[in-house]
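Where a number appears in this text, it was derived from the coordinates with a stated rule and is not lab data. The structure displayed is predicted, hence computed values, not measured ones. Cβ sites come from the backbone with ideal geometry, for glycine too, and all protein chains shown count toward neighbours.
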């Protein structure tokens, strides 16, 4: 995939995103969640140094591609522009033009050329049963590659790995009860195969685009962010949903919703998993800041390692 990060700014403006636009938007998002003192200077330095020169390889296993869709649906500037022009996205099965042997040759070529200096993004679980044959990804060097093969070969060459989405981080829906594929997340797969590449887990079904973009920026400028016990950045997963919910006072007053259509009241009796969930959804919100799960339904703990089994059934109290 050709990369046009060296275009003059006037040409970049024609193509949809400029450094100035990107900086303004992402710094604004950082300020809005109360981390501007940490992230904003990081963004400035990263862009001045040439953030767009950092290669990223994005591979996909057992997934619905919802994590990519969530990221690419972001606006102002579009995350598609960010991925293609601000960083050097060299491989992504969903959006790249190349395919087959040519695409995998580029992936392995970049991994070798930038060994220890590129970021690997994994989307989706890794199926380990039947020698990984539940998820084939292509052919390279006269060998049929599975997701297991790809992660084993590429992950040790990466400087860092971002496990994007709960499936990639912990196994998620593909690893739920009844699966026959031996699906697992990066954390357990790396441990089982002695892969020592640092992992940052960015769970969610799907994860918020800000969590992905700002984690990449932090990795580039400051290295691995502070992580919790589940390998998640404390910047985004350090606060309890229930303790910060706008409906907390209703809970404390024993004002509980009886139906989802009830505009007032805590929804804990309707299955809300906020008390056991850690994420900043309540203040970051989704759909360009329009709403979040508890505005419409309940928290289903999609960022937690036990999802979905430990939070099912979703609409019954825990």
Checklist line | Pairwise FRET efficiency - residue 260 versus residue 194, Cβ, R0 = 41 Å, nearest 0.05 | finding: 0.30
Next item on the list: Assuming a ≥ b ≥ c are the square roots of the Cα gyration tensor eigenvalues, decide whether the range 170-217 counts as rounded (a/c under 1.5), prolate (otherwise, with a/b larger than b/c) or oblate.
Entry: oblate
Notebook entry, point to check: With each pseudo-label sitting 7 Å past Cα toward Cβ, what's the residue 94-residue 287 distance in nm, one decimal?
Noted result: 1.9 nm
Item checked: Exposure proxy ranking, count of Cβ atoms within 10 Å, fewest first, for 241, 202, 224 -> 224, 241, 202
Item checked: Which of 58, 211 has the fewest Cβ neighbours within 10 Å, and the rest in rising order -> 58, 211
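Could you line up 135, 186 from fewest to most neighbouring Cβ atoms inside 10 Å?
135, 186
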